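Enquirer: First the structure, which I've put down as C-alpha cells, then a few questions once you've had a look.
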Amino acid sequence: MQAPAIGGVQAPRGGGQTIRLSRGASLADFADKIGANPASLVQIMLHLGEMVTATQSVNEETLQLLAAELDYNLLVVSPEEEDRELLESFDIEFGEDEGDEGDLVARPPVVTVMGHVDHGKTKLLDAIRHTNEVAREAGGITQHIGAYQIATEHEGEDRKITFIDTPGHEAFTAMRARGAKVTDIAVLVVAADDGVKPQTIEALNHAQAADVPIVVAVNKVDKEGADPNKVRAQLTEYGLVAEEYGGTTMFVDISAKNGTGIDNLLEAILLTADAELDLRANPTMDAQGVAIEAHLDKGRGPVATVLVQRGTLRVGDSIVCGEAFGRVRALLDDNGKLIDEADPSRPVLVLGLTAVPGAGDNFIVVTDDRMARQIAQQRAARKRIADMARSGRRRTLEELFSEMEKGQVDELKLIIKGDVSGSVEALEDALLKIDVGDEVRLRVLHRAVGAITEYDVNLAVADDNAVIIGFNVRPEVRARDLAEREGVDIRYYSVIYQAIEEIEAALKGMLKPEFEEVQMGTAEVREVFKVPKIGNIAGALVRSGTIVRNSKARLIRGGVVISDNLTVSSLRRFKDDATEVREGYECGIGVGYNDIKLDDVIETFEMREKPRV
Ligand code: GDP
C-alpha cells in the first residue's frame, strides 16, 4: 500500500495493521517489519522533529510516534515477553506448576540474608551452616556453591530451609532485575551495636518492593553497647513493627559470633513462611528453576549452581540455562556429594553445560538436546542484537546540543572479568549505579566470567583506553604482556566495595574541577584616604574573618554589589605592609577602585575547588 508522501518521503502505510517490535528496536528493525527503506524512516523521524540514525536503538515513545504517523498499531514487547514467546513456540511454559492442586507438595522456603556491610551477614550464614553440620552425613566437605540447604526440627517435624549463600542485596537485585524471583523470605541483619544504617534501609526497600516477607535478625547482641530494643524502635519507622510491639514482623536477637539465637531465627523463618506464604511445587514435572551462580572450572568446564523451583532435576536431563545448554553430567550438593536428583528448593551444582550461564538466568529441562540447543542459540542471537542496540544509546537532540556546548563528553569504559557470574553482575550493577552527574558516563563494554584474556586487552585497546577490572581473576600470561605493551590499565579487586570506591574516585577525577566561592573576610569602610598615584584607600575595620593581601574582593554598598572582580592590591596596618589582618583590627585596604564611600563593605573571597560528594 503506497500512501501520500510524508514531507516528501514515501513509506508504506499500515492501515491499522498490528506489528510487533522488541523493546530497544531500531528504525532499521521497523523498516524490516513493514518492508520500507530504513533511510525513508530516518527522514520521516526528522520531519517529526527527532534526529535518529537507522541502526540506533530508540525508545518506545519514538517507535510509537512513527507507528502512529504511518498508521500501524505497534506492540512493543519486553525481553521477558519475548523469551516467553520463544519458549511457547517450543511448547514450554516457564514459571507454572503443571497439574492441579493435588500435584502440589510443600517445599522449603528460600532465604536471602541482607543488611548493612559489617553487620554480620557472612558470619550468620556461616553460623547457620555450622549449627547444622552435626545433622549432616559424615564425610561431606562443605562446599560454597552459592546456596545451601539445612535441616531443622520444627514443631516435631523435620523441615528444610534453603539459604542463598551470596549475602548482600546486590545479588538479590541483580537477580530480580532479570525477572528471577528466587527469594521467599529475606532475613534483615542489623547489628545491635550499630543500629539501622543506609544499606539496612536499602535492603528493606528491595525486599518490600519484591513483596518478600522480612524476618529481622538483631545481631551482635553479645557486644557491649548492644541495644536490640533500639533496633526494634528504629525499624518501626520503616513499617517493620515487632510482634512484641503489636506488629507482625518477627525480630530475633542473635549472636552470629557465639552461635546463640540461631535456632530461634530458623524457627522464626519457618513460622513466617507458614503464616504468610503458601510454598508448594509440583515435584513430578520436568525441572525448572534459576541459576544462582556459575563459573568456569579448569577441570570440569562450566559449572552452575541452580535452584530447582519446580519439578525434579536428574542426571541425564537435557537442560537449557540462559544461553547455555547441555546434558546434566553430574549433580553435586553443597557437601560436594554426588546426587542423582534434586527436588524443589534444592540448590545443586550442575556439570555438563556448554557455557557459563548468568546469575538469574532461568533453567529448563527440555525433551532433548536438540531443543535445548535451539532455544539457547535463539536466545544468544537475540542477546547479540539487544547488546548492539544498547551500545548505541539514543540521545535526544537537546542532549546532543548540551553535550556539544559543554565540550567533549567524558566516558569511562570498563571491561569486567570475574570468577563467578554472580559477582560480575553484582559489580556491574553497583558500578552503573554510581552517580556523579551527567558529565561523566560509565559504560561496560564487556563482562564475562574467567581470566583476563588477550581478547579483553585487545578490546580495551580498540576502544580507546578502556580499563579492565579483574574481580578475583588474573590475566593470562600473554594477556599480561600485551597489556603491558599497550599500556592497558588492569585493576584487581577481591572486595566489591573497594572496586566501587576506586571507580567512583576515578570518575570524580575525570570530572572537570568545579569551583565554589568561599568567603574569607569582610571589612567596613570607616574613612577614605586619597593617596597620590595609587588612588583611594579605605581605612577599614575588619568585621569578620581575615583580610588577606592579593585575595579577590568586591565592594558592597547598602547590600548591593558595586564592583566585583577586585583584588586586595595593598594592605597596611598603620605604616607597615601586612599580608593579612584579622577580625577586630583596623587597616588600610586598596582594591584598585576609586569609588569607595564611607560605610561600604569590602568582602574578600577565594575560589576553591569543590570536592565532589
Ligand atoms: P557482613 O559484611 O555483613 O558479611 O559482615 P561479617 O559477617 O563479615 O561481619 C563483620 C564483622 O562483625 C566481623 O569482624 C565479624 O567477626 C563480626 N561479627 C559478626 N557477627 C558478630 C556477632 O554476633 N558478635 C560480634 N561480637 N561480632 C560479630
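Enquirer: If a residue must be more than 27 Å from Leu351 (Cβ to Cβ), at pLDDT 85 or above and within 16 Å of the ligand (Cβ to nearest atom), how many such residues does the stretch 123-160 contain?
Expert: Qualifying residue count for the region: 3.
Enquirer: Give the residues of the stretch 214-235 that are part of a loop (DSSP other than H, G, I, E, B) and in contact with a strand residue (DSSP E or B) (Cβ under 7 Å, 6 or more places away or on another chain), sorted by residue number.
Expert: Selection gives Lys220, Val221, Asp222.
Enquirer: Does Thr53 satisfy the criteria of being polar (S, T, N, Q), assigned to a loop (DSSP other than H, G, I, E, B) and either within 30 Å of the chain's Cα centre (by Cα) or within 25 Å of Glu82 (Cα to Cα) (or both)?
Expert: In short, yes.
Enquirer: From the list Ala287, Ala268, exactly one residue is modelled with pLDDT of 95 or more, away from the ligand (no atom under 16 Å from the Cβ) and farther than 18 Å from Glu155 by Cβ. Which is it?
Expert: None of the other options fit; the residue is Ala287.
Enquirer: Looking only at residues in the stretch 198-213 that are open to solvent by 10 Å² or more (accessible area, probe 1.4 Å), of a type in the set (A, V, I, L, M) and assigned to a helix (DSSP H, G or I), which one is modelled with the highest pLDDT?
Expert: So the residue we want is Ile201.
Enquirer: Answer with yes or no whether Asp193 is modelled with pLDDT of 90 or more and either in contact with a Pro (Cβ under 6 Å, 6 or more places away or on another chain) or of a type outside the set (Ser, Thr, Tyr) (or both).
Expert: Yes.
Enquirer: Does Lys530 qualify as being open to solvent by 100 Å² or more (accessible area, probe 1.4 Å), part of a strand (DSSP E or B) and more than 30 Å from Ala505 (Cβ to Cβ)?
Expert: Yes; evaluated as a whole, the condition is true for this residue.
Enquirer: Here is a further query. Go through (1) open to solvent by 50 Å² or more (accessible area, probe 1.4 Å); (2) within 14 Å of the ligand (Cβ to nearest atom) for Ala217 and report which single condition fails.
Expert: Going through the list (1) open to solvent by 50 Å² or more (accessible area, probe 1.4 Å); (2) within 14 Å of the ligand (Cβ to nearest atom), Ala217 breaks only (1).
Enquirer: Answer yes or no: is there a residue in the stretch 236-249 that is within 16 Å of the ligand (Cβ to nearest atom) and in a helix (DSSP H, G or I).
Expert: no
Enquirer: For the stretch 331-344, enumerate the residues that are surrounded by 24 or more Cβ atoms within 10 Å (Cβ to Cβ) and part of a loop (DSSP other than H, G, I, E, B).
Expert: Asp334, Pro344, listed by residue number.
Enquirer: I'd like to verify a number: residues in the stretch 315-325 that are open to solvent by 10 Å² or more (accessible area, probe 1.4 Å) and hydrophobic (A, V, I, L, M, F, W, C), how many?
Expert: 2
Enquirer: For the stretch 35-57, state whether one or more residues are outside the structural domain of Arg159 (by TED's automatic domain parsing), of a type outside the set (S, T, N, Q) and closer than 14 Å to Arg20 by Cα.
Expert: yes
Enquirer: Could you give every pair whose Cβ atoms fall below 8 Å, whose first residue belongs to the stretch 250-276 and is assigned by TED's automatic domain parsing to the domain that holds Thr236, and whose second residue is away from the ligand (no atom under 14 Å from the Cβ) and basic (Lys, Arg), counting only separations of at least 6 or pairs across chains?
Expert: Going by the 8 Å Cβ cut-off, the qualifying pairs are Phe251/Arg232; Leu270/Arg159.
Enquirer: Residues of the stretch 432-473 being at pLDDT below 80, of a type outside the set (Val, Ile, Thr), assigned to a loop (DSSP other than H, G, I, E, B) and at negative phi, which ones?
Expert: If the condition is that a residue be at pLDDT below 80, of a type outside the set (Val, Ile, Thr), assigned to a loop (DSSP other than H, G, I, E, B) and at negative phi, then Asp435, Asp438, Glu439, Asp463, Ala466 are the ones that fit.
Enquirer: Check Val328, Val356 and return the single one that is under 28 Å from Pro79 (Cβ atoms) and open to solvent by less than 30 Å² (accessible area, probe 1.4 Å).
Expert: Val328
Enquirer: Could you check the stretch 576-608 and list, in sequence order, the residues that are under 17 Å from Val518 (Cα atoms) and more than 54 Å from the chain's Cα centre (by Cα)?
Expert: none
Enquirer: Quick check on my filter: what residues within the stretch 92-122 are within 16 Å of the ligand (Cβ to nearest atom) and in a loop (DSSP other than H, G, I, E, B)?
Expert: His116, Val117, Asp118, His119, Gly120
Enquirer: Could you count how many residues in the stretch 571-581 are out of contact with any Leu (no Cβ under 8 Å at 6 or more places or on another chain), surrounded by 13 or more Cβ atoms within 10 Å (Cβ to Cβ) and of a type outside the set (A, V, I, L, M, F, W, C)?
Expert: 2
Enquirer: For the stretch 247-259, give me the residue count where each residue is more than 22 Å from Asp211 (Cβ to Cβ) and open to solvent by less than 70 Å² (accessible area, probe 1.4 Å).
Expert: Number satisfying all stated conditions: 5.
Enquirer: Of everything in the stretch 472-490, what is over 15 Å from Lys417 (Cα atoms) and either under 28 Å from the mean Cα position of the chain (by Cα) or open to solvent by 90 Å² or more (accessible area, probe 1.4 Å) (or both)? Give them in sequence order.
Expert: Val477, Arg478, Glu484, Arg485, Glu486
Enquirer: Further question on the same structure: So in the stretch 220-235, with the set limited to residues that are within 23 Å of Gln208 (Cβ to Cβ) and in contact (Cβ under 8 Å) with a residue 24 or more places away in the chain, which one is nearest to the ligand (Cβ to nearest atom)?
Expert: For the stretch 220-235, the residue satisfying everything is Pro228.
Enquirer: Additional query: When the stretch 67-91 is examined, which residues are found to be assigned to a loop (DSSP other than H, G, I, E, B), surrounded by 13 or more Cβ atoms within 10 Å (Cβ to Cβ) and charged (D, E, K, R)?
Expert: Once the filter is applied, which keeps residues that are assigned to a loop (DSSP other than H, G, I, E, B), surrounded by 13 or more Cβ atoms within 10 Å (Cβ to Cβ) and charged (D, E, K, R), the stretch 67-91 yields only Asp71.
The values are calculated or read from the model by the stated rules, or taken from the named source; none is laboratory data. Because the structure is a prediction, the values reported are computed rather than measured. Glycine also receives a Cβ, built like all others from the backbone with ideal geometry; neighbour counts cover every protein chain displayed. The area values use the complete protein model at the heavy-atom level, side chains included, leaving out ligands, DNA and RNA. Shrake-Rupley method; radii C 1.70, N 1.55, O 1.52, S 1.80 Å.
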